[in-house]
Amino acid sequence: MSDYMFMLENHLGADQARTVSLVQSAATEAGVGLFLAGGAMRDMLGGFPIRDLDFTVEGDAIKLAKTAAQRSGARIVSTDEPRKSVELMFPGDVAASIGMARQERYSKPAGRPNITPATIHEDLRSRDFTVNSIALSLNRASLGLLLDPNNGLADLERKELRVISSYTLYDDPARLLRLIRFKVRLGFTIEERTRSQYDNARLAEMESHIPTKALLRELCRIADEPDPGLVVQALDEEKLMTLFSPALCGPKLNLGGLAKLLKAKQMIPFGADLRLENLGLFLYFLAEKLTPKEKAALVEKCGLGAREVELWQKLESRSRKLDRELKSAKFQKASRIYQALSHVPGDQILFLLLRSSQRLVQDRIKNFLQKHLPAAMEITDRDVIAAGVEPGTPKFQKAKDELIATRLDARPRKIEPPPEPVEPPPPPPGPPSRFRGQATQPRN
């Protein structure tokens, strides 16, 4: 095993590791070359958590994606037919993309690219930033081989963002937004020549050529950032937030609401699965200060579809039923609160935590996030098996729920305070000194 494969295994979660193994097996059977590239490699080599898996295929990527989805039960989120790329959601909420190794040539700035199949080396040389142009071979003959034709590893070590070519920001102006977003998330600086190219592209007003579809894609990426408010603030400082809506500036930019949303998200225990839809929550607080007319302009400018609009504008109405339920006296027991909230989408839970008018509802949600959920996560399948229930049987989940309820409703054990320390009696007085007021001289 190469050092890079060892590093990859130590960075992947259990569900991510299963996804890599499954796609790797499917690619071997299909006889196509498979590489892990892009953001997954950047995050691994940069010491960041791997957010999603980017697979690049020398061959039929769409066919491989369909095979992987059938074998794993993954959901196909979207398909980009021209680029032969598929976005998937694998079990365990593992986000992944499987795309064809390709070259994109632009006949004019911000034009439609001419896309052709390519080798992995040609693909890496035609990407946006050097830190995104590193790949790791997952093929049996070259397993663990690192491919870095643009010296992206050195830029990762220097913590710099550098474009691959002098046309990078002109060919696809959406990369102007991506550059700022990566700068904020990674905490990197922009390399001097790249900054000069960025300034020149802004003088040429290349940002005005970003298509609607790219704006929506970037808006979704911002919503999934660890700190969306910080990205929004950086884009506002660069006068780029008005691309999404002319009203998103000045006092109408709800940075305070986004900061509160971040604090609410930080209350979610690590490893908890709340089925959180980031986009709806993000749009609600981002546009909270806009008028209905300005909100409609945001929808049109970014090309928001019916699903995106519903996630955002129906969030409040979807949360009302839960708000009424949590006020009920029947939710006094911890197990009842856990049972009610563990089956509710996480965006509704966080919304009520921040916007419910009832202090009781907010307190019960806080207890769920900070006490009940961590305690429930301590009950594992091993505990259920130890209780005598066979895994895979209909009774298994019911038995696990009962163990969780017992744990949550158990009265906390009263801890007796430790006894107060007993001071030792003072030592008996010694014989009186013959020479009062004088120091005793040591013997020779």
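The values are calculated or read from the model by the stated rules, or taken from the named source; none is laboratory data. Because the structure is predicted, anything quoted here is derived from the model rather than measured. Using ideal geometry, Cβ is built from the backbone for each residue, glycine included, and neighbour counts are taken over all protein chains shown. Quick note on the areas: whole protein, heavy atoms, side chains included, nothing else; ligands and nucleic acids left out. Shrake-Rupley method; radii C 1.70, N 1.55, O 1.52, S 1.80 Å.
Here are some notes:
- Degrees between helix 315-326 axis and first principal axis of the chain (Cα, 0 to 90, nearest 10): 20
- With the simple model of a label 7 Å out from the Cα in the direction of the Cβ, VAL309 to GLN358 spans 3.1 nm.
- Radius 13 Å from Cβ of GLY271, net charge of other residues (Lys, Arg +1; Asp, Glu -1): -4
- D by Stokes-Einstein for segment 265-417, Kirkwood Rh over Cα pairs, 20 °C, 1.002 mPa s: 121 µm²/s.
- Accessible surface of the chain [probe 1.4 Å, protein heavy atoms]: carbon and sulfur percent: 51
- Exposure here means at most 14 other Cβ atoms within 10 Å; with chymotrypsin sites (Phe, Trp or Tyr not before Pro) in a DSSP loop as sites, the longest stretch of the chain lacking them is 271-434.
- Within the shell of other residues whose beta carbon sits under 13 angstrom from the beta carbon of GLY73, the net charge comes to +2, with Lys and Arg scored +1 and Asp and Glu -1.
- For segment 197-288, trypsin sites (Lys or Arg not before Pro) are listed when DSSP marks them as loop and at most 13 other Cβ atoms sit within 10 Å of their Cβ; the list is LYS239, ARG275.
- Charges were assigned to the Cβ only: +1 to each Lys and Arg, -1 to each Asp and Glu. The resulting dipole of segment 1-122 about its Cα centre is roughly 420 debye.
- Cα-Cα separations in segment 237-299 greater than 17 Å, expressed as whole percent: 46
- For segment 165-209, the Kirkwood estimate of the hydrodynamic radius, built from every pair of different alpha carbons, is 10.6 Å.
- Principal-axis tilt of helix 395-409 within the chain, Cα atoms, nearest 10 degrees: 50
- Within the shell of other residues whose beta carbon sits under 10 angstrom from the beta carbon of GLY346, the net charge comes to -1, with Lys and Arg scored +1 and Asp and Glu -1.
- Of TYR4, GLY46, PRO82, farthest towards positive along the dipole that unit charges on Lys, Arg, Asp, Glu beta carbons give segment 1-110: PRO82
- Over 18 Å [Cα-Cα, segment 223-334], rounded percent: 57
- Linear extension gain, GLU237 paired with ASP224, 0.36 nm per residue minus alpha-carbon span: 2.7 nm
- Here the chain is treated with +1 on each Lys and Arg Cβ and -1 on each Asp and Glu Cβ, and its dipole about the Cα centre works out to around 1600 debye.
- For segment 1-134, alpha-carbon Rg over 2.2 N^0.38 Å: 1.03
- Taking Cα centre as origin and charging only the Cβ of basic (Lys, Arg, +1) and acidic (Asp, Glu, -1) residues, the dipole magnitude of segment 114-245 rounds to 220 debye.
- Measuring against 19 Å, Cα to Cα, the residue pairs LYS252/LYS293; LYS260/LYS330; LYS260/LYS289; LYS239/LYS263; LYS333/LYS395; LYS293/LYS314 contain LYS260/LYS330; LYS239/LYS263; LYS333/LYS395 as the ones spanning a longer distance.
- Per-q log10 I(q)/I(0), segment 135-197, q = 0.14, 0.21, 0.26, 0.29 Å⁻¹ (Debye; single scatterer per alpha-carbon; no solvent): -0.50, -0.89, -1.12, -1.24
- Cα Rg, Dmax, the chain, angstrom units: 28.8, 109
- Antiparallel bridge percentage (DSSP; both residues within the chain; nearest 5): 80
- Highest-MSF residue in the chain out of GLU238, GLU160, GLU81 [GNM, Cα springs under 10 Å]: GLU81
- Helix-only mean residue ellipticity at 222 nm for the chain, each DSSP H run of n ≥ 4 adding -39500 (n - 2.57), per residue, nearest 500: -14000 deg cm²/dmol
- Tilt relative to the chain, helix 212-223 - C-alpha long axis, 0 to 90 degrees, to 10: 10
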